[in-house]
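The values are calculated or read from the model by the stated rules, or taken from the named source; none is laboratory data. What you see is a predicted model; the values in this text were computed from it and never measured. Heads up, the Cβs are rebuilt from the backbone with ideal geometry, glycines too, and the neighbour counts pull from every protein chain shown.
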Amino acid sequence: MGFCYLNSIGIAALEALASGAKRIAIYDFDVHHGNGTEDVLLNHPGATFISIHQSPCYPGTGTTNAGDNCFNFPVAPHTPREEYRQVFERAFEKLKSAKPELIGVSAGFDAYVRDPLAQETLEAEDFHWLGDSIRKLGIPVFSVLEGGYSTDLPELIFAYLKGLSGL
């Protein structure tokens, strides 16, 4: 129902599980709900899906959890940055409880305050904090770029990668 013909993060998660990983978690911070990833991983043994996304917003899904392994954290438009970070932290608690041995991140930068397609409030330093928070989990991680439509996108990605690298 969306724009992704191949769900790269879902394919990577299934490949990791097929190649011997026992538990993988996908942490999706794109402003749009990861409905395709949810569909791919729904009730799949060893997989946990966590989506933090604006609601209401396209595609209009993700208002409740799905199955026994897909957890949704909808965020209202114009949510103050401090409250948005609290949602990220609640999602991190769910992530930690899954005890993954590998984390895949659907890295969407469209929750940025100047993104033309959404109505959120995050700044570059929030993406740095997010990368740093993921790094501090001490679990191997890979990221897939999912979205972000501001002309500041390179700066946002760089801030996230610096946080992920501990810089």
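Quick look at the numbers
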| quantity | calculated |
| --- | --- |
| Extreme residue, nearest to residue 109 (Cα to Cα), among residues of the stretch 10-21 that are touching a Leu at 6+ places or on another chain (Cβ under 9 Å) and touching a residue at least 60 places away in the same chain (Cβ under 8 Å) | 13 |
| Residue within the stretch 79-93 that is assigned to a loop (DSSP other than H, G, I, E, B), in contact (Cβ under 8 Å) with a residue 12 or more places away in the chain, surrounded by 15 or more Cβ atoms within 10 Å (Cβ to Cβ) and among the charged types (D, E, K, R) present | no |
| Residue in the stretch 115-135 that is surrounded by the fewest Cβ atoms within 10 Å (Cβ to Cβ), counting only those that are of a type in the set (D, E, K, R) and not in a loop (DSSP other than H, G, I, E, B) | 125 |
| Residue match in the stretch 117-135 (condition: in contact with a helix residue (DSSP H, G or I) (Cβ under 7 Å, 6 or more places away or on another chain), within 22 Å of residue 38 (Cα to Cα), free of Cβ contacts under 8 Å to residues at least 60 places away in the same chain and not acidic (Asp, Glu)) | no |
| Total residues in the stretch 38-60, condition at pLDDT below 95 and buried (at least 24 other Cβ atoms within 10 Å of the Cβ) | 0 |
| Residues satisfying the stated conditions in the stretch 136-148, i.e. more than 14 Å from the chain's Cα centre (by Cα) and exposed (fewer than 15 other Cβ atoms within 10 Å of the Cβ) | 136, 138, 140 |
| Lone unmet requirement of (1) farther than 16 Å from residue 30 by Cα; (2) surrounded by fewer than 18 Cβ atoms within 10 Å (Cβ to Cβ) for residue 163 | (2) |
| Residue check for residue 157: modelled with pLDDT of 95 or more, within 13 Å of the chain's Cα centre (by Cα) and surrounded by 17 or more Cβ atoms within 10 Å (Cβ to Cβ) | no |
| Sole exception among (1) in a helix (DSSP H, G or I); (2) surrounded by 16 or more Cβ atoms within 10 Å (Cβ to Cβ) for residue 96, by number | (2) |
| When residues of the stretch 136-163 are limited to those that are part of a loop (DSSP other than H, G, I, E, B) and of a type in the set (D, E, K, R), the one farthest from residue 6 (Cα to Cα) | 136 |
